[in-house]
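The values are calculated or read from the model by the stated rules, or taken from the named source; none is laboratory data. Nothing here was measured: the structure is a model prediction, and the numbers come from that model. Positions of Cβ are generated from backbone atoms using ideal geometry, with glycine treated the same way; all protein chains shown enter the neighbour counts.
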Amino acid sequence: MNEEKNQQTPHNQLQIKATDEVLKGVYASAMQVLHTKQEFVLDFMNIFPPTGTLSARIIVSPAHLKQIIAVLEENLSKYEASFGKVEASETSTNTIGFQG
């Protein structure tokens, strides 16, 4: 009976399947954020002038975006505690790339 319990996935764990292609990840040198009342659209792009490619589009609710921001802030704090403060890039006059 114990062996049977060990082989079962606990109820609080979720198994996520991902293809090899998705696991490779994609590079983004720019991001654009759009929003409506119901959702935020995060477009991640790879810009190499004179062209660019949309790498990924993520659509989330405002509540989920707030959770994402909190998790990113928490992980950045942990990163900085381990590796030192990350300095933000200088503000650029370019209209391409990550903008504040």
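Between I59, I47, which is modelled with pLDDT under 95, outside any loop (DSSP other than H, G, I, E, B) and of a type in the set (V, I, T)? Give the steps one after another, and end with the answer.
Working: I59 fails: modelled with pLDDT under 95.
Result of the check over I59, I47: I47.
How about region 60-70: which of its residues are of a type in the set (A, V, I, L, M, F, W, C) and surrounded by fewer than 13 Cβ atoms within 10 Å (Cβ to Cβ)? Break it down stepwise before answering.
Quick first cut of region 60-70, residues of a type in the set (A, V, I, L, M, F, W, C) only: 60, 63, 65, 68-70.
If the condition is that a residue be of a type in the set (A, V, I, L, M, F, W, C) and surrounded by fewer than 13 Cβ atoms within 10 Å (Cβ to Cβ), then A63, I69, A70 are the ones that fit.
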